[in-house]
């Protein structure tokens, strides 16, 4: 789920060319959703919103300090409230629904990756699962215009310390799932998935298509494994080395779930064995 110059929020740049390309893609994704209405995306999250309040009526909201075992946490981008979109409201409602259904234990809307990592560091238990709901492009995930990509895994990057702290908090069987558009698509997306799994030492999952109610191209990767999906999966324009546009998710597309699917099918993880 998915303008700007050469610098991202917080002054994080990954090189003028890379940042510029991602910024343009980021704006294009928003414009595409607004112009076309992206019926799949908006319908899916509105369905979640309709069920959230009813499902959560009278349900106590768990607090991290009370957890006796690992936490299942969800983070979402709370900055997506622009005219014609407002996906953040639907993500917030969806997080309430997931908590009411017992699928997660804690949720937080954030405005930056710094805030997200800071909140995770305060959870009073190890982390069994972390989902991120927001926008993405090939090889990266955004909170507003703040990018998380391969560069964040290098020691010099401002996010490195927070990611290393997250690594220390995750249990050996933990999962990080990016429910974002095309983050694991093209060569850049596969490289990001492999590097992140190896850095964190846990399983990661993400998508190769633009996602909405239907979420296609879902692939998981264990530490030490290599991506077993084609770099052109979900690609509508451009090349695997220079992607320009991703395909929308469809029920018949490869590896499709919906926004109501609570987990990644175990058989969809590449293990390298």
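Each value in this text was obtained by applying a stated rule to the coordinates, not by laboratory testing. This structure is a prediction, so every number in the text was calculated from the model and none was measured. Reconstructed Cβ throughout: ideal geometry from the backbone, glycine too, with neighbour counts over all protein chains shown.
Please go through segment 80-91 and give me each residue that is in contact with a strand residue (DSSP E or B) (Cβ under 7 Å, 6 or more places away or on another chain) and surrounded by fewer than 19 Cβ atoms within 10 Å (Cβ to Cβ), ordered by number.
Passing the criteria: none in range.
Say whether the condition of being touching a helix residue (DSSP H, G or I) at 6+ places or on another chain (Cβ under 8 Å), surrounded by fewer than 24 Cβ atoms within 10 Å (Cβ to Cβ) and in a strand (DSSP E or B) is met by at least one residue in segment 93-100.
No, because not a single residue in segment 93-100 is touching a helix residue (DSSP H, G or I) at 6+ places or on another chain (Cβ under 8 Å), surrounded by fewer than 24 Cβ atoms within 10 Å (Cβ to Cβ) and in a strand (DSSP E or B).
Can you tell me how many residues within segment 204-219 are over 13 Å from the mean Cα position of the chain (by Cα) and surrounded by 24 or more Cβ atoms within 10 Å (Cβ to Cβ)?
The number of residues fulfilling the criteria is 2.
When only residues in segment 222-256 that are part of a strand (DSSP E or B) and in contact with a helix residue (DSSP H, G or I) (Cβ under 9 Å, 6 or more places away or on another chain) count, which is surrounded by the most Cβ atoms within 10 Å (Cβ to Cβ)?
Residues of segment 222-256 that are part of a strand (DSSP E or B), as a first pass: 235-238, 243-246, 248.
With in contact with a helix residue (DSSP H, G or I) (Cβ under 9 Å, 6 or more places away or on another chain) added as a condition, the list becomes 235, 238, 243-246, 248.
On the way: 235: 22, 238: 14, 243: 25, 244: 15, 245: 15, 246: 30, 248: 20.
Step by step, filter segment 222-256, then rank; the result is 246.
Scanning segment 121-142 for residues that are closer than 15 Å to residue 73 by Cβ and within 15 Å of the chain's Cα centre (by Cα), which turns out surrounded by the fewest Cβ atoms within 10 Å (Cβ to Cβ)?
It comes out as 131.
Can you give me the number of residues within segment 102-120 that are in a loop (DSSP other than H, G, I, E, B), closer than 12 Å to residue 74 by Cβ and out of contact with any strand residue (DSSP E or B) (no Cβ under 6 Å at 6 or more places or on another chain)?
Here the count works out to 1.
For segment 126-140, state whether one or more residues are out of contact with any helix residue (DSSP H, G or I) (no Cβ under 9 Å at 6 or more places or on another chain) and closer than 28 Å to residue 260 by Cβ. Walk me through how you get there before you give the answer.
Quick first cut of segment 126-140, residues out of contact with any helix residue (DSSP H, G or I) (no Cβ under 9 Å at 6 or more places or on another chain) only: 128-129.
Narrowing further to those that are closer than 28 Å to residue 260 by Cβ: 128-129.
For segment 126-140, residues out of contact with any helix residue (DSSP H, G or I) (no Cβ under 9 Å at 6 or more places or on another chain) and closer than 28 Å to residue 260 by Cβ: present.
Given segment 124-215, what strands (runs of 3 or more DSSP E) lie entirely inside it while holding 2 or more residues that are within 18 Å of residue 271 (Cα to Cα)?
Values: elements: 127-133, 135-137, 140-143, 146-149, 170-179, 203-206.
By residue number, 170-179, 203-206.
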